[in-house]
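Down below is the structure, laid out as structure tokens.
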Amino acid sequence: MSHVSAAQVNPKRTVQELKELRALTGDEHGAQRVAFTEKWLRARAFLRERLDALPVEQHQDAAGNHWATLKGDSERELLIGGHLDSVPNGGWLDGCLNVLAGLEVMRRVSEQYAGRPPVTLRLVDWADEEGARFGRSLYGSSAASGHLDVAEVSKLHDRDGVSLTDALAKVGVKLDNAPQARQELKNAAAYLELHIEQGPVLEGLGLPLGAVAGTVGVERHTLTFHGQAAHSGSTPMNVRKDAFLAAGKLAAEIYTIAGRHGGVCTIGSVKTLPGIVTSVVETCEITLDQRHLDAEKLAAMWRDAQEAAQRFAAEGGCAVTFGDIWNIGPILFNSELIGAAEASILELVPSTHRLPSGPLHDAAEVARSGVPTVMLFVQSLRGISHNKIEDTLEEHIELSVRALDRLTDRAIAWIGARPLQDG
């Protein structure tokens, strides 16, 4: 495609800005950009200041997402997204790489097209992707996709008792208005997101970059085993109704279930009552997280877990009840954009790999809303994320910025070639 100028991205600037953001919003324990806190606001200000140098319009939408818009010849929009918020003591790249790489691409596009690209380009910093403070992941993007239940999230509080409603009010957002963010996607023709892998696959293959096929479906449930409290000294082992024993058997079984179906299962928390050393456990509540890219296999994993729980409960003279926490189906990304992502990677390195995303990302909500979507992954050292030791080689970070930049050009051309009714 013809270019107005020979503008180029400067990936080293992105690395430098990532380091500046780390110094501004982190400490010796890691990143501290938890949503709606002072350091998160500081990160937003850092982004706004840099966007001020570009011919873009900036605003915060009704849900608290931050948008920067570079108007183009067409009203159809190419979105590049990410999130500045982090988990407590998080890594220096999770989320913010997406945003700052997108900033660098926006600089290049603005220069190349003298501030007027063929399609409108928008950068979005989604609010509270992590859900670290209130337990609701993908808050901002789900508001934009139309999948935010305001009545449900209005009940959420952080560990200090602050409600989500009050936390949002302090940053100028009225929770009741959050669904109005839906209008931000009305002209969206494609969505791109770059992210660190957060897992070991690319490193294991010796590859810096990969294209993401989609995000896995997630089932999250509580399983509560009901036994009988009894004295830990006077109650023989063979007559106990130990709720914790039944839960413990399931803890091992979920590995078998995951292996059978090719998914992943995690018991992340355990609560016992009466919770004292001198009593057999009467009640044991566990949380179960199950993930798979195939909806039928995900459903089978949950059925198998329920059957196993009932079997182990019956063996121990207990009962079990089930509760729903949250679920989302598998989201497959746009096949043509996946191809464009792979082509962009292969211009930079000899080979690539297509893989699903186990973690959830804002891209899943955007895709759910019907916007053609794709993600790029860059290798994570040791496969570690949500940890201060999270890291990626600087040369790989630079490659990822270049890949996102090339994918942006392909996406602009792809949008331009599509019939209006499809875009």
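Just so it is clear, none of the values below were taken in a lab; they were calculated from the coordinates. These figures come from a predicted structure and were not determined experimentally. Don't worry about glycine lacking a Cβ; one is built from the backbone with ideal geometry, like all the others, and counts go over all protein chains shown.
Expressed as a rounded percentage, what relative contact order does the range 218-327 have, with Cα pairs under 8 Å and six or more residues apart?
Reported relative contact order: 45 percent.
At 10 °C and 1.306 mPa s, what whole-number value in µm²/s does Stokes-Einstein give for the translational diffusion of the range 218-327, with Rh from the Kirkwood sum over Cα pairs?
D = 112 µm²/s.
Angle check, please: helix 335-346 long axis (alpha carbons) against the longest principal axis of the chain (alpha carbons), in degrees 0 to 90, nearest 10.
In the chain, helix 335-346 runs at an angle near 70 degrees to the longest axis.
Rounded, prolate or oblate, given the Cα gyration tensor of the chain, with a/c below 1.5 counting as rounded?
Prolate, since a/c reaches 1.5 and a/b exceeds b/c.
Dimensions of the range 229-291 along principal axes (Cα, Å, largest first)?
Per principal axis, max minus min of the Cα coordinates gives 44, 21, 12 Å.
Take the Cα of residue 176, step 7 Å along the line toward its Cβ, and report every residue of the range 124-149 whose backbone nitrogen sits under 12 Å from that point.
none
Suppose R0 equals 56 Å; then what is the FRET efficiency for residue 260 and residue 186 from their Cβ-Cβ distance, rounded to the nearest 0.05?
0.80
What number, rounded to the nearest 500 deg cm²/dmol, is the helix-based mean residue ellipticity at 222 nm of the chain, given -39500 (n - 2.57) per DSSP H run of at least four residues and division by all its residues?
After summing the helix terms and dividing by residue count, I get -11000 deg cm²/dmol.
Mean-square fluctuation check for the chain, GNM, Cα pairs under 10 Å: which of 239, 401, 15 is largest?
With Cα springs under 10 Å in the chain, the top fluctuation among 239, 401, 15 is at 239.
Could you run the Karplus curve 6.51 cos²θ - 1.76 cosθ + 1.60 with θ = phi - 60° over the range 180-188 and give me ³J(HN,Hα) per residue in whole Hz, x for Gly and Pro?
With the stated coefficients, the range 180-188 comes to 5, 4, 4, 5, 5, 9, 5, 10, 5 Hz.
Rounded to the nearest 5, what % of the DSSP beta bridges within the chain are antiparallel ones?
Bridges in the chain that DSSP calls antiparallel: roughly 70 percent.
So between residue 278 and residue 152, what do we pick up on full extension, going 0.36 nm a residue minus the alpha carbon distance?
Gain on extension, residue 278 to residue 152, equals 41.5 nm.
Could I have the simple spin-label model distance between residue 295 and residue 24, label points 7 Å from Cα toward Cβ, reported in nm to one decimal?
4.2 nm
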